[in-house]
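Reading through the structure tokens given below for one structure.
Please treat every number below as a calculation from the coordinates, not as lab data. Given the structure is predicted, the values throughout are model-derived calculations rather than measurements. Cβ sites come from the backbone with ideal geometry, for glycine too, and all protein chains shown count toward neighbours.
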Amino acid sequence: MAIRNIVQVGDDVLRKKCAPVESFDEKLAELLDDMKETLAQANGAGLAAPQVGVLRRAFVVDVKDGYFEFVNPVIVKAKGRQVGEEGCLSVHGKYGTVERPRMVEVKAFDRGGKPFALKAYDFFARAICHEYDHLDGILYIDKATEIKADGK
Ligand code: ZN
């Protein structure tokens with residue numbers, strides 16, 4: 001495993017639409033392992049493949065509900081709303097207020113190509129929506145009603 005460099009806002013790679021993962025191979029496993037390690041080191045809640053410069057539809061989320069990997073995810077249902085603060089490892093030193101659904105139902109594949117579905121609520125749902133947007137070149141700063149410097 002290796003820590004990968006996290007791309008920062010301003011880099012075009014964050015604004016591109018990612019292609020589906022086609023091969024559930026060792027290269028994918030290595031990517032996900034590296035993303036997990038990179039996320040842990042950055043102490044973040046989620047990391048999407050384009051944030052490490054890979055234009056593929058995959059992201060990882062690490063929240064109190066656990067650590068999850070999503071490959072070729074689709075949000076099949078979204079319900080309710082929550083308004084809260086979020087930040088992004090690619091938008092250093094800022095956070096913003098963003099409205100998200102309170103619940104999302106996601107279908108995706110694991111690293112071995114096995115399909116799964118789950119329902120996520122509250123912060124877990126927020127993290128999934130945030131990472132999912134990255135796969136389409138969308139950043140939270142496009143949706144935030146207010147953006148602040150994080151003061152650290
Ligand atoms: Zn982000």
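Sorting D65, D11 by the number of Cβ atoms found within 10 Å of their own Cβ, with the fewest placed first, yields D11, D65.
Along the stretch 57-64 the Karplus relation, 6.51 cos²θ - 1.76 cosθ + 1.60 evaluated at θ = phi - 60°, assigns HN-Hα couplings of 7, 8, 8, 10, 10, 10, 10, 5 Hz to successive residues, with x for each Gly and Pro.
The modelled label-to-label distance for the pair E26/D150, using points 7 Å beyond Cα in the direction of Cβ, is 3.6 nm. When V13, V106 are arranged by Cβ crowding within 10 Å, least crowded first, meaning fewest neighbours, the order is V13, V106. Counting other Cβ atoms within 10 Å as a rough exposure proxy, the listed residues C18, C88 run C18, C88 from fewest neighbours to most.
With bins 5 Å wide beginning at 0, the percent of Cα pairs of the stretch 12-149 falling in each bin runs 2, 11, 21, 25, 23, 13, 4, 1, 0.
Using only side-chain charges placed at the Cβ, +1 for Lys and Arg and -1 for Asp and Glu, the dipole size of the stretch 12-149 relative to its Cα centre rounds to 540 debye.
Toward the positive end of the charge dipole of the stretch 46-152, with +1 on the Cβ of Lys and Arg and -1 on the Cβ of Asp and Glu, the farthest Cα among V60, I75, G96 is that of I75. Contact order, relative form, for the chain: 26 percent (alpha carbon pairs under 8 Å, 6 or more residues apart, mean separation divided by residue count). Given points 7 Å out from each Cα along the Cα-Cβ axis, report the L118 to D11 separation in nanometres with one decimal. According to this spin-label approximation, the distance is 2.6 nm. Taking amide hydrogens as placed 1.01 Å from N in the peptide plane, the amide H of V21 sits under 5 Å from those of R57, N72, each at least 5 positions away in sequence or on another chain. The V74 and I141 beta-carbon pair, evaluated with R₀ = 22 Å, returns a calculated FRET efficiency of approximately 0.35.
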